[in-house]
Structures are given as C-alpha cells and as structure tokens.
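The values are calculated or read from the model by the stated rules, or taken from the named source; none is laboratory data. Nothing here was measured: the structure is a model prediction, and the numbers come from that model. Every residue, glycine as well, gets a Cβ built from its backbone with ideal geometry; the counts of neighbours run over all protein chains shown. Side chains are part of the model used for accessible areas, which takes the heavy atoms of the whole protein and leaves out ligands, DNA and RNA. Shrake-Rupley method; radii C 1.70, N 1.55, O 1.52, S 1.80 Å.
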Amino acid sequence: MRRISRKKRSTLANRAIAASAALILGGGGLVAVNVYASAGEGPSGSSPPTRTQNAGSQLSTIDCPEAVNGLPEVPDEARGEVDRELAAMDTQITDAYQQFADRKEQIARDPGLAENAVLGPLRSKRTASLDRIGIAIGRVGERPAGLESLAGCSLRADDSRGGNGGGRGDGNGGRGNGGPGDGGQDDGQGQDQGQNQGQDGGQGQDPGGQDPGQGQDPGQGQDPGQDQGQGGNGPVAADFVDIQSVQPGVDRPRQRRGASRGTFTTDCGRNENGKFNPDNVIVAPGVSNGAHHMHDYIGNQANDAFASDDDLANGATTCRNQGDRSTYYWPVLRLQNGQDEDDVNADGGGRDQNVGEIQTPSQVTLKFVGSPVGRVTAMPRFLRIITGDAKAFTNGDANANASWSCTGFEDRQLTDKYPICPEGSQVVRTFAFQNCWDGQNTDSANHRTHVAFAQDDGRCPNGFRAVPQLVQRIVYDVPPGPGFAVDSFPEQLHKPITDHGDFINVFDDRLMKKMVRCINDGRRCR
C-alpha cells in the first residue's frame, strides 16, 4: 500500500476527544465524568454468553471461540489451507460485526433479529470453514473431532467493570523480564524500561468503575451509548486512566550468578518512510488484509502477506546495520480527531472501522537483553514471535501482553487501559517478547507454542532454552488526554489490551553471533 498521508496537527486535534471525559483529581482521588456509555472489558477468560442479553445498547461486540486454540497440531502439509480458512473466519466475524453495528437499533427493538440476521448466518459460515479445516487435516493425518463446537458465536454484553487498570499479577511473571536496567531506552529519565511489564504494575483507580453511564450529552446531539469513539466502535472514556493515579509497581527479576547482563540494540528507524499494510504474514500468509487493521513496519521492507523467507532474506532494510533484515511490526496508533487518512475507504482502514490520523512514533527502541539466570543461545533464522493477543478483549487476557505508560512514569505500567499523560510527557507502548525457544521450530500452528516466557524464577520451562529477548519501546507525542487508540479487529473495539507486536528474525549469522556474545559477556553493543 502506498504511503498514507498525514495532516498537520496545528490544532492539536482540537482536543476533540478531550470532551469525552473530564478528569478531576482531588482529595477523593480520580473522578471520571464520562460522556459516553462505558464499553469496558468483560470478565477475563469468561465464556461467551449463551444467550442474547438485552440485545440493544448494552451489547457491544460479537464474541466467537478462537478456532486456532481448539485445533490439534496441524501437519505442515495442511498448514497453508488451514491458515487461509482461519483468516476467512476472521473476515466472517468482521462482516457479521458490521451487520450487527448497522442493525443495532433494529436489534434493540427485536432481539430475535440478532440470531436470524447475524449469528445464525455466521454460525453456518464458520461451520463450513471448520469442516474444510477438518478435511485438510484429515488428508494427511487424523481428522480432529468436535470442531463443530467452535462454530457458535454470541453477542457480547457491554459488561463494564471497575478494574485496577494495571497488570495481571497472575504468576505469568516471565513477561517483560528484560534484565535489570536493560529493558528499554536509556533516555535520561532514570527509568528502567520494559522490565517485567506483565507484572502488577498499575493499581490506579479505574474511571470505568465510577458509574460512567450518567447520560451526559457532549453537545454533539448523539446518543452517548451509541456513538463511542470511532463512530460507536471505541475507544471510550473508560478505556483511559490518568497515569499519575497509578501506583508504581514494576517488579524486576533477581539477577543470579551467571546471568547474561549484556544488551544489543539495533536501530531501524521509526517508519519515517510510511510502510503500512493490513497483512500479517505470520498469522495469515498469502491472505491480503489478514489482520483487518493497519500495521507499522520497520526493518525489512519486503514484508507483506505474500513474503517468503527468501523474500525476507533478500529484502531491503531500514536498519542501520544491514546484517539485521528482521521485520518488526505492530498496529498503528491513531488520533481520534475526525481527520481521515488515505485508507478511510480501504481494507484495514475505514472498511475495518480503523479511522483517524496515523501517528509516526517519536522514538522506537529495539533492544535485545539476556536471561537473569544464565546464558542465552542464538535465535534460529526466520524465528517468528507474536507477543500479546489481538483478540484479547473477547479471548480473555491469557496471552495479553500490552504495556502502556508515559515518559517519566515508566515504573507505572497499564495492561487494560490507555494512559493519560501529563503535559510534557509522551505515551509509551512496550512489548517484551517471549525469551524461551523450544530448540526445534521457527513457528507453530497457533504461532505460540514454539516459544514461551520464562517462569517466575527466570528459568525457561522444561524443553526450552533462553534466547535474546526483544524489548520494543515505542513513544508517541500525542495531545494530552484521551483521544488516541491502536488499530484493532473491528469486534475488538480498539481496546488497549488487544495491543500486540510481531517479529521475524532475519539477522545474518555473523550479527546474531555478535549479539549473543555481547549479551553473554555483559557488554552493551549496537
């Protein structure tokens, strides 16, 4: 896709979204005056509702089982066909969500319409796709049983809940364990970036728990329950929290004797040249618009849905060291300021409910760090890693790994809220990638099981070995206050917990060996 234009921000987006919430900090703490009906997170890991509940304004999205998680190991011979069917199922949900959004008022009056016009047809399409997946696997192995149980979808209730706005604190402590002092950019802030961002790093009050449904009219004449963020598609005021109300709480794994304390930093720019597309060659190879949202790309410039390993090996790179032809990509961040980009009528953009002015990061840091308990080994070339879950709003947070903060406050991390940064502070997204590899595979059927996070004690799970951990820090200079969001699948409502990053290792052997030596020897290299 050609470069998307950016319009001047001379009005600082006119503070367009600042009207969506008035945040008052007083003796009683954080108070949120929310002019939109809340569309907060549903219960983490909960099962989809089994019936349509109040099928009007309280329903916000379509919730379907993640089919890939219900599959057995997919034989390599069937992988291409299965991936294409899984991508088709994503498109089916996207189309059904659009039908639901277009008929929301009718469904409110006639709840049976949801089943007849949206869920029933979607179930039929998913059943057919699952049958084709079963046939593809059955040609080269044993056909999996019970796939039809993955066909059903439901309308997800807008069950806003007050949360702590912070990390999970659930024993997944390997997330973000980038090694003391080496997690992110040393920017003079004195902060240790990227350290264990998956920990319980944000206990601040949640504006979503402040009874936001007061029905205030922002003066636009819209129904606040129906016009949330991007034309009813989010985000909403309850998705934001003042970073200053969040308690510090970033834990760091304890260094042991023999820890690999070095770092290796690669400079690949900020996507100044504007390479975007809505593909995902890891999850949906060979499928245009497989992501249904736009990605920023830095590093390898050959990356699109059809890129082979050979294409990546021979692709140009934006990395300063030409030995790094890796590809690094993530969903773009947009201002919700009413300004359209060139993709307003394109796949991945407006057609998939992603609108607003795309922001180029002010800073991107790509740092590889070691293990707190021992030495690291080289990554295999073309290793694919996805961190986070693009569908965490409906899937639950088992694989979520979003980490949001503000410069000067990076000891305070958020997982399910966007930060409201004070004047002079910038928004920070941090991705700490999995740092353990199974020693055999560069990918897996669900794109997850070949890599893992270290355990709470810093050691890799049995059968896995430590590899350099990519800690990716992306900084944005956006107007203070709510008014931005990452691109997402339409039914994920631009929730911050859906943030994710993708990486394919295309370091040449010489540079990878240098990286491993630097990390294991405790040096800082570039």
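For Phe382, what accessible surface area do you get with a 1.4 Å probe? Give it in Å², rounded to 10.
40
If you count, for each residue, the other Cβ atoms within 10 Å and average over each peptide, how do 265-272, 92-99 line up from highest to lowest?
Going by the mean number of other Cβ atoms within 10 Å, highest first, we get 92-99, 265-272.
Among Arg473, Arg103, Arg517, what's the order by accessible area (1.4 angstrom probe), most exposed first?
Arg517, Arg103, Arg473
Measuring with a 1.4 Å probe in the full set of protein chains, what accessible area per residue, in whole Å², belongs to the range 341-459?
Using a 1.4 Å probe on heavy atoms only, each residue of the range 341-459 averages 28 Å².
Compute the projected area of the convex hull of the Cα atoms of the range 369-457, averaged over all viewing directions, and report it in nm² to one decimal place.
Spelled out: convex hull of the Cα atoms, projected over all directions, averaged, 7.5 nm².
Past the 30 Å Cα-Cα mark, which pairs from Lys417/Lys513; Lys125/Lys495; Lys104/Lys275?
Cα-Cα > 30 Å for Lys417/Lys513; Lys104/Lys275; rest within.
How long are the semi-axes of the equivalent ellipsoid of the range 305-363, taking √(5λ) for every eigenvalue λ of the Cα gyration tensor, in whole Å from largest down?
Working through the eigenvalues yields semi-axes of 29, 16, 8 Å.
Mind giving me the nanometre distance, one decimal, between the label points for Arg103 and Ala128, set 7 Å out from Cα along Cα→Cβ?
Label at Arg103, label at Ala128, 1.7 nm between them.
Using all Cα-Cα distances in the range 408-481, what percent lands in each 10 angstrom bin from 0 up to the longest?
17, 36, 24, 19, 4
Please report the carbon-and-sulfur percent of the accessible area for the range 275-362; probe 1.4 Å, protein heavy atoms only, DNA, RNA and ligands left out.
Carbon and sulfur atoms account for 42 percent of the accessible area of the range 275-362.
Per the Debye formula with a single identical scatterer at each Cα and no solvent contribution, what log10 I(q)/I(0) holds for the range 238-366 at q = 0.10, 0.21, 0.22, 0.23 Å⁻¹?
For the range 238-366 at q = 0.10, 0.21, 0.22, 0.23 Å⁻¹, log10 I(q)/I(0) is -0.46, -1.18, -1.22, -1.27.
For labels at Arg256 and Phe306 in the simple 7 Å Cα→Cβ model, what's the distance in nm?
4.9
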